[in-house]
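All remarks here apply to the structure that follows.
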Amino acid sequence: MAGSSEIDNKQKYSSRWSLDGMTALVTGGTKGIGHAIVEELCGLGAKVHTCSRNQSELSECLSQWETKGFQVTGSVCDVMTPSQRQHLISKVFSLFDGKLNILVSHIYLTIFFFVFILFIVHLKIPQIKFNSI
């Protein structure tokens, strides 16, 4: 009877971990680990924005997440293109009223993570908070 056990674990998990009121940006959130991260953050109550290079994949995921009741927005973005990164950060800044609590830069090369952080600092997003466990 795994169903009953799963519900008990989710109740324990959700009472211990809550991201209600938190905002998150997950790059590459339409496939694989990025997709799982979006769902986990939403399941814990966060509002999430994600991006993908592929509009049809993004639209399909956004539709699925809406059906699940998750608060997810998305945009098409190739984070390897500087102008698109800047547009993404501006959009997130606008959507979340300048408040970004969680950044999951799910991109494949570390150098782009560094550049991504520089854009956040450049736009002076007031704070990125990490809650203590």
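The values are calculated or read from the model by the stated rules, or taken from the named source; none is laboratory data. This structure is a prediction, so every number in the text was calculated from the model and none was measured. Here the Cβ is made from the backbone with ideal geometry for all residues, glycine too, and neighbour counts use every protein chain on show. Keep in mind that these areas ignore ligands, DNA and RNA; they rest on the heavy atoms of the full protein, side chains included. Shrake-Rupley method; radii C 1.70, N 1.55, O 1.52, S 1.80 Å.
Summed over segment 53-66, the residues that are buried (at least 21 other Cβ atoms within 10 Å of the Cβ) and at pLDDT below 95 give a count of 0.
Checking each residue in segment 67-100 for being among the β-branched types (Val, Ile, Thr) and surrounded by 14 or more Cβ atoms within 10 Å (Cβ to Cβ) picks out Val72, Thr73, Val76, Val79, Ile89, Val92. Collect the residues in segment 61-80 that are of a type outside the set (A, V, I, L, M), out of contact with any strand residue (DSSP E or B) (no Cβ under 9 Å at 6 or more places or on another chain) and touching a residue at least 12 places away in the same chain (Cβ under 8 Å), keeping them in residue-number order. Within segment 61-80, Lys68 is the sole residue that qualifies. Only residues that are at pLDDT 75 or above, open to solvent by 60 Å² or more (accessible area, probe 1.4 Å) and not small (Gly, Ala, Ser) were counted across segment 1-40, and they come to 5. Considering segment 23-41, the residues that are β-branched (Val, Ile, Thr) and assigned to a strand (DSSP E or B) include one that is farthest from Gln55 (Cα to Cα), namely Thr23.
Looking across segment 12-67, the residues that are under 26 Å from Asp78 (Cβ atoms) and acidic (Asp, Glu) come down to Glu39, Glu40, Glu57, Glu60, Glu66.
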